[in-house]
Structures are given as structure tokens and as C-alpha cells.
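The values are calculated or read from the model by the stated rules, or taken from the named source; none is laboratory data. Remember, it's a predicted structure, so these values are computed and weren't measured experimentally. Virtual Cβ from ideal backbone geometry, glycine too; neighbours counted across all protein chains shown.
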Amino acid sequence: PRKIIIDTDPGVDDVLAILLALASPELEVALITLVAGNTDVGHTHDNLLKMYYQLAREREQHPVAKERYPLANRTVVAVGADYPIRGEKHVATYFHGRDGLSNISVTHPEFTPPEGTEYPLELSNKHAYDEMLALLAAEPAGTVTIVALGPLTNLAHAYSADKETFCRVGEVVWMGGALDVPGNTSPVAEFNCFADPYAFDILRIAAKAGEFTFVFAPLDVTTHHTVPFSDLLHEGEGTTPLESFTTAFLHRVRGLQARFGLPDAMEMHDPVAVWYAIENAPKVVGKGWAVTGREFGIERCGEITRGMCVVDRRGSGEGDGKKRTEDEVLLKGDVPLSRKEHATATHL
Ligand code: BDR
Ligand code: CA
């Protein structure tokens with residue numbers, strides 16, 4: 001399996017994405033780094049431990065789960081930034097709940113691990129960006145993929161601290177941005193981009209200069225990848241620990257979607273970035289996936305446009321004599337249905 005680092009702010013769709021990665025034989029999740037985003041970084045840590053607590057129970061109770069998550073106990077976890085590179089902190093608790101997982105800390109205390117719980121992972125005392133750099137330094141250059149599922153703060157810290165080591169990354173795949181569709185946090189901005197536009201800009205400029213490969217899946221791609229809630233929610237006899245856990249926090253999301261007048265299906269934003277890593281893109285580009293270049297700038301501090309990707313729609317640039325260079329964007333991702341089913345990562 002290929003080694004990946006998941007940088008994440010769990011977060012409901014983050015948990016589904018992490019489970020998907022852990023259940024994918026193509027990937028080894030060597031490191032999970034946590035960042036503030038959907039909620040503050042302390043809650044993201046609690047949520048990840050909640051997930052691992054249920055994963056451990058699943059592996060204990062269902063021998064098949066051991067095969068399903070074979071490498072789940074090899075992951076190192078490191079806590080990272082609680083504030084963006086610059087500007088105010090913004091969280092998405094309106095959608096993910098105050099604790100980042102639909103408030104299950106209050107409504108479902110049974111999912112809070114008891115004191116003294118041992119988790120099948122290694123908790124690091126180092127900062128997320130230090131662990132990221134240590135792994136990139138230890139592995140052969142070009143072999144580790146970073147899958148980023150939250151604001152890019154940790155990655156920007158790692159890049160700024162040691163560019164040479166950071167650029168040993170094989171590829172950075174990020175869920176974030178909105179190009180030709182409305183935003184989901186403001187009329188023009190996608191949440192991960194809105195929460196730390198400075199971090200995105202630092203990395204994007206470096207990637208554009210050819211320092212490393214940076215592909216991202218904006219809302220344009222991810223919003224279309226949905227899984228019906230009826231496939232994701234499990235109740236009654238035979239429900240496994242992970243199924244009960246994911247069902248507990250997906251119920252509230254289902255209610256929110258209904259209130260917003262949206263379809264009865266979960267938008268799989270973060271899992272799309274993991275799918276792309278699983279499919280070993282760019283090898284599969286052309287076979288269902290298309291990475292397209294787009295020219296845009298990022299609004300970092302606008303009064304009403306913070307986090308907006310300002311797309312240059314003026315054409316090739318030949319007319320005004322200014323050469324434009326494009327950012328790599330994943331604009332078409334045709335995720336096979338089998339992968340969508342896989343995304344529930346809880347079917348035994
Ligand atoms: C992104 O923002 C977060 O709320 C989700 O976890 C996802 O990473 C979607 O805009
Ligand atoms: Ca996320």
C-alpha cells in the first residue's frame with residue numbers, strides 16, 4: 001500500500017473519509033494530523049479518539065473487521081494548529097455541531113471513551129507539522145501523498161518551516177475551494193478555503209512555481225458525489241459499533257439537509273479526496289478522472305469575499321499579452337459506485 005498522511009478536522013464527512021482510507025488496501029494511513037476547522041482542534045482530537053474507540057470495538061467483536069482495517073493500528077496521530085495563519089478563527093459548528101460531530105458528546109455519552117482507554121494508534125507529542133516533515137524526510141522522496149481534508153494551516157506551517165523536506169511529498173490532494181459554483185460558507189467561499197485563505201495561497205503559489213504537485217477537489221466536483229442517507233444509517237439488531245457511531249451523528253445532518261431543502265443524501269466532500277488517492281491518480285486521469293488547469297486568485301481578506309477563488313475568465317491571455325499559468329484542479333471525478341458503497345466503511 002502507498003503511505004498517506006491525512007490532515008483533517010473531524011467533522012462528519014472527515015470521519016467517513018478517514019474510515020474509507022483505513023478500509024482501503026491500496027493505502028496505509030501512516031499519519032493523521034489534526035487542524036482546527038469544523039470545530040476547534042481539541043474537539044477534532046476527541047472525535048478522532050471516539051472513532052478509534054469504536055473501531056477497536058468493531059475489530060474485537062467482528063473478526064472480519066480485522067481484515068477490513070488491517071493496518072489501522074499503525075497510525076501516528078499528531079495535533080496541529082488551532083488558529084489560521086492569519087486573521088480570525090472560523091468554525092463550521094452550525095453544520096457539524098458544537099463538538100464537530102453533531103453534538104453526540106451530549107446526546108450520546110456512550111460514545112465517549114472511558115478514562116484509561118487504550119487506542120490502536122500512537123499519539124505523538126510533537127506538533128502536526130513536525131510529524132509531517134519527519135515522515136516526509138524518512139520516506140523515499142515522492143512516495144508519500146498528503147490528503148488534506150480541512151483548512152491548509154498545518155501544511156502551510158510545514159512548508160514554511162522546511163520547504164525542501166515538504167517538497168519531497170509525492171502529491172498533495174485537497175478538498176477545498178469553489179470555482180464555478182456558489183460557496184457553502186458564504187455566497188462565494190467554500191469552508192476550507194474560507195477558514196484559512198492565507199494557507200491555501202502560500203501552497204498554491206509554491207505548487208504553481210513547480211515545487212510540488214497540488215491537486216484539489218473543489219465543491220464543483222464534490223457536491224455531486226452523494227450517498228443516500230438510507231444507505232448510511234443503520235439501526236436495530238446486528239448494528240455494529242462503527243455503524244451505531246456513524247448513524248448517531250448522521251441523523252442530525254440528515255435533519256439539516258431536509259431543513260435546507262436539500263436531497264436526502266450525504267454530500268461526500270472529503271471522501272472524494274480519499275477516493276482520488278485510492279485510485280492512484282494521476283495514473284487514472286483520463287479513466288473517469290480529469291485534472292484540469294484553471295487560472296484564479298484567492299481573496300484572503302475581502303469584506304464579503306474572503307476565501308473566494310477569483311477565476312480569470314478572460315480567456316487565454318493572448319489578447320492582453322499577459323501569459324497566464326494555471327493551477328491544477330480536479331474538475332471531473334467519476335467515482336465508481338462500488339467506491340461510494342465502500343465509503344460507508346461500516347458494512348460488514
Ligand atoms: C468542507 O468543509 C467542511 O465542513 C467539510 O468537512 C469539508 O472538508 C466542505 O466544504
Ligand atoms: Ca473536513
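Observations
- Residue within segment 54-71 that is touching a Phe, Trp or Tyr at 6+ places or on another chain (Cβ under 7 Å) and either within 16 Å of ligand 2 (Cβ to nearest atom) or among the hydroxyl-bearing types (Ser, Thr, Tyr) (or both) present: no
- Of the residues making up segment 161-170, none is in contact with an Asp or Glu (Cβ under 8 Å, 6 or more places away or on another chain), β-branched (Val, Ile, Thr), farther than 30 Å from residue 56 by Cα and away from ligand 2 (no atom under 16 Å from the Cβ).
- Checking the stated criteria, residue 143 turns out to be under 20 Å from the mean Cα position of the chain (by Cα), surrounded by fewer than 24 Cβ atoms within 10 Å (Cβ to Cβ), hydroxyl-bearing (Ser, Thr, Tyr) and farther than 16 Å from residue 304 by Cα.
- Test: residue in segment 285-296 that is of a type outside the set (Ser, Thr, Tyr), surrounded by fewer than 17 Cβ atoms within 10 Å (Cβ to Cβ), over 15 Å from residue 216 (Cβ atoms) and at pLDDT 80 or above: no
- Considering only residues in segment 58-76 that are of a type outside the set (A, V, I, L, M, F, W, C) and in contact (Cβ under 8 Å) with a residue 60 or more places away in the chain, the one that is surrounded by the most Cβ atoms within 10 Å (Cβ to Cβ) turns out to be 58.
- Within segment 169-202, the set of residues being within 18 Å of residue 328 (Cα to Cα), touching a strand residue (DSSP E or B) at 6+ places or on another chain (Cβ under 6 Å) and not in a loop (DSSP other than H, G, I, E, B) comprises 171, 172, 173, 174, 175, 197, 200, 201.
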